[in-house]
Each structure stands twice: as C-alpha cells, then as structure tokens.
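> This is the structure, below, for whatever I ask next.
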C-alpha cells in the first residue's frame, strides 16, 4: 500500500524573479522624469537584502513603491519583502529591504495549530526546518487544508508543493 497523500507548505521566493524586478525598477528610476536629479538608486546589498536610496524621504518612498509594483507584476507576494523605514544617512535617505525565505518557527506553529484546530480529522502537520509537511488519509482532506490556509493571513507568503 502506498504512503498517505501529502504536500509541503513552503515560503520560497525565486531570486531570479526578484532580480528581474529589481533591474526593471532600476531602469524605471533612471528614466522617469520625476526621479531625475534625486539620486534615486536601488541595488542588492548582500544575498537576501536590497538597498534603496534617494536625496529626499518622499523620493526614497516613491522608489520603494516602484520596486513593489515590479514585484507584484512578477507574481511575487509583498509579504516576502520586509521593507524598513526611511532613515537619513548623511545627505541621503536609505531604506533597507530584506527578502524573506522560509517559515519562522512561531509562524509554523501557528499554521500547524490552525490545521489541528480547524482542519479535517486525521490530517497532521509536521514542522521540518523552515517548511511544513501535511499528511492525511484522503486527498480531499488535503484540498480542504489548502483552502483553509489560503483564507488565512499568517504574515508570510505560502506556497503549496510536492502534492502527492
């Protein structure tokens, strides 16, 4: 007899898509009239971090909005972007953004509790590092769990994969 049906709940972001969105935002910042002469720049600052800077606080916020717009167009959830507040640094303002990968333990526990409390009977969720594995006796039960989780907001972008 085959193993019980299962799927994984993960929170992963395709780095190439984020890079493409960053390049598009960079190009738009260099060509748009309202960003001329404001020193608006966006770039990677590390493996999972992005730095945005401009001469005024309002321009740096506008540059962040341009970047968010590009992420949305590339089907990347804004929940996977943790943008800080603008902070002055010399004569310029900077915003540090972090791309969130994986599900933190406390959020994983909240998701697991939600499945236990409101999901169908006989469905279990196990925390495995930065993801969850959900198993059940019937595929319909797993579909119900996916529908339940899509209706909730855990503050993290969830993807469902390895459905078997």
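Read the figures in this text as sums done on the coordinates, not as results from a lab. Source: prediction; values computed, not measured.
> As I understand it, the value is the acute angle between the Cα axis of helix 15-31 and the longest principal axis of the Cα atoms of the chain; what does it come to in degrees, rounded to 10?
20 degrees
> Please report the equivalent ellipsoid semi-axes of the range 15-99, computed as sqrt(5 x eigenvalue) of the Cα gyration tensor, largest first, in whole Å.
So the equivalent ellipsoid measures 19, 15, 10 Å along its semi-axes.
> Looking at the range 90-164, what % of the alpha carbon pairs are farther apart than 21 Å?
32 percent
> For helix 139-150, what angle does its Cα long axis make with the longest principal axis of the chain, in degrees from 0 to 90 and rounded to 10?
30 degrees
> Rg/Rh for the chain to two decimals, with Rh computed the Kirkwood way over all alpha-carbon pairs.
Here the Rg-to-Rh quotient is 1.12.
> In addition: Quick one: angle between helix 57-73 and the longest Cα principal axis of the chain, in degrees between 0 and 90, rounded to 10, please.
40 degrees
> I've got another one for you. If you average the sequence gap of Cα pairs under 8 Å that are 6 or more apart and divide by the length of the chain, what percent do you get for the contact order?
This gives 33 percent for the chain.
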